[in-house]
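Data first, discussion second: the structure below is written as structure tokens.
The values are calculated or read from the model by the stated rules, or taken from the named source; none is laboratory data. Nothing here was measured: the structure is a model prediction, and the numbers come from that model. So basically every Cβ, Gly included, is an ideal-geometry build from the backbone, and we count neighbours across all protein chains shown.
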Amino acid sequence: MEDKFGREIDYLRISVTDRCNLRCRYCMPAEGYGNLIPHDQIMSFEDIIRLVQAAAKLGIKKIRLTGGEPLVRRSIVELIRLINEIDGIQQICITTNGQRLADMADDLKAAGLDRCNISLDTLDPKKYSEITRGGDLSKVLEGIEAAKRVGLLPIKINVVAMKGFNDDEFADLVELTRDNDIHVRFIELMPIGHQDLGGDYGFISNQDILAQFPDLIPERKTEESVANEYRLPGAKGKVGFISALSNHFCATCNKIRMTSDGKIKPCLHSNEEIDMMGVLRSGTDEEVLEALKATYGHREQHHHLNEGAAPIDRDMNKIGG
Ligand code: SAM
Ligand code: SF4
């Protein structure tokens with residue numbers, strides 16, 4: 001189904017938990033995260049399945065599970081299996097920090113997972129531990145190998161670009177794509193939610209990164225990609241740039257988001273949220289369908305961050321990226 005600006009919405013991103021086993025400095029505070037959502041307000045599997053069934057009837061074909069960290073949600077493999085049984089859903093993906101991926105990759109694949117995006121901002125174990133406040137780089141690297149082995153392809157590596165933190169590693173990260181069929185995507189640091197970068201690390205635009213790699217050849221833009229994609233000459237993998245701020249991709253935005261407490265966000269960069277929990281827990285199938293359809297009417301033509309709009313209040317771990 002299309003929104004009022006003629007954009008076909010076929011992608012639903014669901015945050016299955018606001019909990020996480022890491023504490024990335026651009027996403028969550030170190031500790032004492034006081035406003036975790038109480039368990040009874042987190043969408044149950046029944047809530048999620050009802051939502052996806054309605055979404056599939058409206059033409060949603062692709063589901064991405066995110067978080068928090070989706071792989072810390074109990075029985076996530078079972079949830080994927082249930083979603084995989086819903087008519088009309090053609091692709092299931094996750095975005096993960098990779099810490100538990102090596103242990104779970106076989107089961108995830110068997111349950112019907114198609115792809116995964118893995119977040120990895122640095123190839124240096126010390127820096128990885130610092131930015132994630134305690135994460136283990138070797139676990140992510142094992143996770144990437146496991147994802148390759150079981151065929152969760154193509155593997156996309158999400159790199160949040162930060163001046164003063166990983167700008168000295170951009171060349172190494174780009175180089176990863178030469179001999180491996182993986183996509184490295186640079187994401188601009190967004191002014192969202194809780195940030196504690198200590199004033200040391202800062203925003204760097206994708207144009208500035210791209211300018212450092214004159215060899216990169218632009219790829220033809222595909223409908224579904226939010227990244228502007230490039231390739232090193234003869235490389236197996238691709239390099240992508242996701243520029244939410246400096247070059248927004250609203251005109252081709254095909255997705256809606258569901259927060260872990262059951263609210264549809266028609267636009268990532270707007271504070272507007274539409275609560276679906278009531279209807280999911282007590283409405284008829286028809287009412288769920290109508291309520292979801294009505295949220296499409298709230299989609300804006302584009303976000304207003306570049307025009308000085310305030311960043312949204314909700315933390316990234318409650319939205320899922
Ligand atoms: N825990 C999973 C992970 O890290 O991949 C999934 C959830 S995380 C919120 C989804 C994505 O959002 C990650 O790639 C993360 O790097 C990105 N992210 C979080 N905070 C961000 C920020 N302030 N600016 C840009 N990207 C951010
Ligand atoms: Fe957790 Fe992902 Fe946020 Fe890092 S970016 S704290 S891994 S939810």
Residue that is within 29 Å of VAL174 (Cβ to Cβ), at pLDDT 90 or above and not charged (D, E, K, R), where the choices are GLY240, GLY283: GLY240
Determine which member of the set ASP87, ASP3, ASP47 is over 18 Å from ARG115 (Cβ atoms), away from ligand 2 (no atom under 16 Å from the Cβ) and modelled with pLDDT under 95. ASP3
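Is one or more of the residues making up region 168-183 within 16 Å of ligand 2 (Cβ to nearest atom) and assigned to a loop (DSSP other than H, G, I, E, B)?
no
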From the options GLN207, GLN195, residue that is among the polar types (S, T, N, Q), over 20 Å from the mean Cα position of the chain (by Cα) and either at pLDDT below 95 or closer than 26 Å to ARG23 by Cβ (or both): GLN207
Just one of SER246, SER260 is touching a Ser or Thr at 6+ places or on another chain (Cβ under 7 Å), part of a loop (DSSP other than H, G, I, E, B), at pLDDT 90 or above and within 16 Å of ligand 1 (Cβ to nearest atom); which is it? SER260
Would it be correct to say that SER44 is buried (at least 22 other Cβ atoms within 10 Å of the Cβ) and under 22 Å from VAL288 (Cα atoms)? no
Where a residue in region 5-25 is closer than 24 Å to GLN99 by Cα and acidic (Asp, Glu) and its partner, wherever it lies, is within 9 Å of ligand 1 (Cβ to nearest atom) and in a loop (DSSP other than H, G, I, E, B), with Cβ under 6 Å and at least six apart: ASP18/GLY68
